[in-house]
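The structure appears right after this line, and notes come after that.
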Amino acid sequence: DQQVKQNSPSLSVQEGRISILNCDYTNSMFDYFLWYKKYPAEGPTFLISISSIKDKNEDGRFTVFLNKSAKHLSLHIVPSQPGDSAVYFCAASAVGGQGAQKLVFGQGTRLTINP
Amino acid sequence: DVKVTQSSRYLVKRTGEKVFLECVQDMDHENMFWYRQDPGLGLRLIYFSYDVKMKEKGDIPEGYSVSREKKERFSLILESASTNQTSMYLCASSPPGSRYEQYFGPGTRLTVT
């Protein structure tokens, strides 16, 4: 059962425009959420995170929004640049114990920025 | 800079062979993880370890085992490789606690023929 879902396998955006990547989760015990970016033949790299006590976190061109009631988070990239073309994974962790160290990942969304 | 290294970038093995994938991190992290990445399925956790000689099953441990004899090294073992274990294998490490991101290695593309 997929607890973290990214329903869009791919997204194509024009350079300079806003990219919005979406992620839904089902486990109400998740309280910390992260976005990772992955280029081909490289490991994922951490991008931005948000705790469940917040509804927004911003870092430069990247903003993550969390809607707890809808169990939904989104990543906004503004403005989009060609170097943003990559696969983006959202991930979540739950409170408590050794299990809190684990991350549950979504399926990923391939973002392509067109010049 | 945190560095997580994996012993091979590409590996081709035959069905039934025993396969060792090695991962080393240089940041003295307590936690280490093994994932596999498959198209349409994202990253799925195979095993993780939160201390030397400690291990916990992840979501898909069947057909795999792990070893953590030293803090910096975490090995994934495929006792008898099968074609459905053809995948990208990613190792990660993190400090203890749930509020730290995981740092990933470059991955090993394993093909089992």
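The values are calculated or read from the model by the stated rules, or taken from the named source; none is laboratory data. All values derive from a computational prediction rather than experimental measurement. Note that we place each Cβ from the backbone using ideal geometry, even for glycine, and neighbour counts take in every protein chain shown. Quick note on the areas: whole protein, heavy atoms, side chains included, nothing else; ligands and nucleic acids left out. Shrake-Rupley method; radii C 1.70, N 1.55, O 1.52, S 1.80 Å.
Being more than 14 Å from residue A:107 (Cα to Cα) and open to solvent by 20 Å² or more (accessible area, probe 1.4 Å) is the filter here, so list the residues in the range A:2-25 that pass it.
So in the range A:2-25, the residues more than 14 Å from residue A:107 (Cα to Cα) come out as A:12-20.
Result: A:12, A:14, A:15, A:16, A:17, A:18, A:20.
Counting only strands (runs of 3 or more DSSP E) that sit completely within chain A, those holding 2 or more residues that are among the basic types (Lys, Arg) correspond to A:30-38. Scoring residue B:40 on the criteria (1) within 11 Å of another protein chain (Cβ to nearest Cβ); (2) surrounded by fewer than 16 Cβ atoms within 10 Å (Cβ to Cβ); (3) in contact (Cβ under 8 Å) with a residue 60 or more places away in the chain leaves a single failure, condition (3). Scoring residue B:51 on the criteria (1) more than 24 Å from residue B:14 (Cα to Cα); (2) at the interface with another protein chain (Cβ under 8 Å from one of its Cβ atoms); (3) without any contact (Cβ under 8 Å) to a residue 24 or more places away in the chain; (4) in contact with an Asp or Glu (Cβ under 8 Å, 6 or more places away or on another chain) leaves a single failure, condition (2). Every listed requirement among (1) at the interface with chain B (Cβ under 9 Å from one of its Cβ atoms); (2) modelled with pLDDT under 95 is met by residue A:30 save one, (1).
A quick yes/no check of all residues on (1) surrounded by fewer than 14 Cβ atoms within 10 Å (Cβ to Cβ); (2) touching a residue at least 24 places away in the same chain (Cβ under 8 Å); (3) within 9 Å of chain A (Cβ to nearest Cβ):
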| residue | (1), (2), (3) |
| --- | --- |
| B:28 | yes, yes, no |
| B:33 | no, yes, yes |
| B:67 | no, no, no |
| B:71 | no, yes, no |
| B:85 | no, yes, no |
| B:107 | no, yes, yes |
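Filtered by the rule that a residue be under 24 Å from residue A:14 (Cα atoms) and either touching a Leu at 6+ places or on another chain (Cβ under 7 Å) or free of Cβ contacts under 8 Å to residues at least 12 places away in the same chain (or both), the range A:60-82 gives A:60, A:62, A:64, A:65, A:73, A:74, A:75. Exactly one residue among B:90, B:21 is open to solvent by less than 10 Å² (accessible area, probe 1.4 Å), over 22 Å from residue A:47 (Cα atoms) and in contact (Cβ under 8 Å) with a residue 40 or more places away in the chain, and that residue is B:21. How many residues does the range B:41-84 hold that are among the aromatic types (Phe, Trp, Tyr) and over 17 Å from residue A:103 (Cβ atoms)? So the answer is 1.
Among the residues of the range A:26-44, those identified as in contact with a strand residue (DSSP E or B) (Cβ under 7 Å, 6 or more places away or on another chain) and open to solvent by 70 Å² or more (accessible area, probe 1.4 Å) are A:29, A:39.
Rundown of residues vs (1) at pLDDT 95 or above; (2) more than 10 Å from chain B (Cβ to nearest Cβ); (3) at positive phi; (4) open to solvent by 20 Å² or more (accessible area, probe 1.4 Å), yes/no style:
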site: A:47; (1), (2), (3), (4): yes, no, no, yes
site: A:59; (1), (2), (3), (4): yes, yes, no, yes
site: A:63; (1), (2), (3), (4): yes, yes, no, no
site: A:68; (1), (2), (3), (4): yes, yes, no, yes
site: A:83; (1), (2), (3), (4): yes, yes, no, yes
site: A:97; (1), (2), (3), (4): no, no, yes, yes
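From the list B:63, B:58, the lone residue that is buried (at least 16 other Cβ atoms within 10 Å of the Cβ) and either of a type in the set (Asp, Glu) or under 15 Å from the mean Cα position of the chain (by Cα) (or both) is B:58.
In the set (1) closer than 18 Å to residue B:109 by Cβ; (2) in contact with a Phe, Trp or Tyr (Cβ under 7 Å, 6 or more places away or on another chain); (3) within 14 Å of chain A (Cβ to nearest Cβ), residue B:58 fails one condition alone, (1).
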